[in-house]
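I have placed the structure first, in the form of structure tokens, so that the comments after it can refer back to it.
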Amino acid sequence: MDTILLVNDSTTLTKVLSTHFQKAGYRVIAVSTVMDAYEAFIRSEVDLILTDYVLRDKDGIEVIRTFRCKKAQRALPIVVFTAMEDSETARLCKEAGANAVLSKAGGTTHLLSSIEKLIDEYKAQQPTSSLDQDLGRCIVKATSDVFRTMMNLRVTAGVVTCEKAQIRRAEVIGSIGVAGFLSGSISLFLPKGLARQAVAAMLMLDSAEGLGDTDLVDAIGELTNMVGGNIKTELFQKAPLFDISVPSVYIGDDLHRRTVSDDLCFLAPFKIGDFEFAVEFLMVTKKDGGTGVQKSLVAGMQKT
């Protein structure tokens, strides 16, 4: 069933449009603010966005620009349904990236016909993906890109798993906090030998001899920041999910890291030569289930 994300702050019009769309066979997600639209978009596979031009918190131009700036969603059809029929409004919406600007005076028949055509065109060229698939893919791509571009080291990625958080052991741990629609941390778990090799490559040294723990802390902190930043950038192509904090680095012979609750965890294993390491995206599960995004992910994990 194709899904329409309806952004409108008129209760009456929302009910009318939702009824028409549902009778036509569409699933409708109705929201009244741009922030609610972000949340709904992240949680669900959306096939078309229908927005009013005038909203309580933003205008339709802001809705269009927000979703058009996400590279992965530039093809997503966006329709502006407005009572404003002047050519200037239509021009501004089209320049911002709207596929169509339709007048409310035209009724729902023409609106439904336009929606059907745009969704068919979109689905013909746009494969679907879910947030959990995006997370796994983004962790792998972000990590691989950093090691390749910053250290000229090619990594081999294993299968990303989704599981309850557990004790992790490593000699070097770099961790950076995550806060926003998703909250938790992104962590790198490395053997000291690989950490030294990576740092030597980052600093363009011939060998890792002479590198002390202070050198490792500084460089692994920067490495953690780059991996976390790359994951954030990759995911922001879908929607603004989180911000990252200042990284922390821990070095020891046999470090143990565990969380204080049964949090959700995406773990991506990697290999470089004989070395193995892992990147973890851990999401805090609050007593109330966390954000809508995390509730959806946790529910999906519990079904598997």
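Quick notes on this structure:
- Verdict on Thr66 being in a strand (DSSP E or B), under 27 Å from Ala124 (Cβ atoms) and not hydrophobic (A, V, I, L, M, F, W, C): no
- Considering region 66-79, and only residues there that are modelled with pLDDT under 90 and of a type in the set (A, V, I, L, M), the residue that is surrounded by the most Cβ atoms within 10 Å (Cβ to Cβ) turns out to be Leu76.
- In region 36-56, of all residues being within 23 Å of Lys94 (Cβ to Cβ) and assigned to a loop (DSSP other than H, G, I, E, B), the one that is modelled with the lowest pLDDT corresponds to Leu55.
- Qualifying residue in region 25-35 (condition: surrounded by 16 or more Cβ atoms within 10 Å (Cβ to Cβ), of a type outside the set (Ser, Thr, Tyr), in a helix (DSSP H, G or I) and within 18 Å of the chain's Cα centre (by Cα)): yes
- Selection of region 202-231 for residues being touching a residue at least 40 places away in the same chain (Cβ under 8 Å) and buried (at least 18 other Cβ atoms within 10 Å of the Cβ) yields Met202, Leu216, Ile220, Leu223, Thr224, Asn225, Met226, Val227, Gly228, Asn230, Ile231.
- Region 87-137 - residue that is modelled with pLDDT of 80 or more and assigned to a loop (DSSP other than H, G, I, E, B) and, of those, farthest from Thr19 (Cα to Cα): Gly97
- Among the conditions (1) within 20 Å of Leu112 (Cα to Cα); (2) surrounded by 21 or more Cβ atoms within 10 Å (Cβ to Cβ); (3) not small (Gly, Ala, Ser), Val63 misses just one, which is (1).
- Criterion violated by Gly174 - all others in (1) modelled with pLDDT under 90; (2) more than 24 Å from Tyr38 (Cα to Cα) satisfied: (1)
The values are calculated or read from the model by the stated rules, or taken from the named source; none is laboratory data. Predicted model only: the values in this text are computed from it and were never measured. Positions of Cβ are generated from backbone atoms using ideal geometry, with glycine treated the same way; all protein chains shown enter the neighbour counts.
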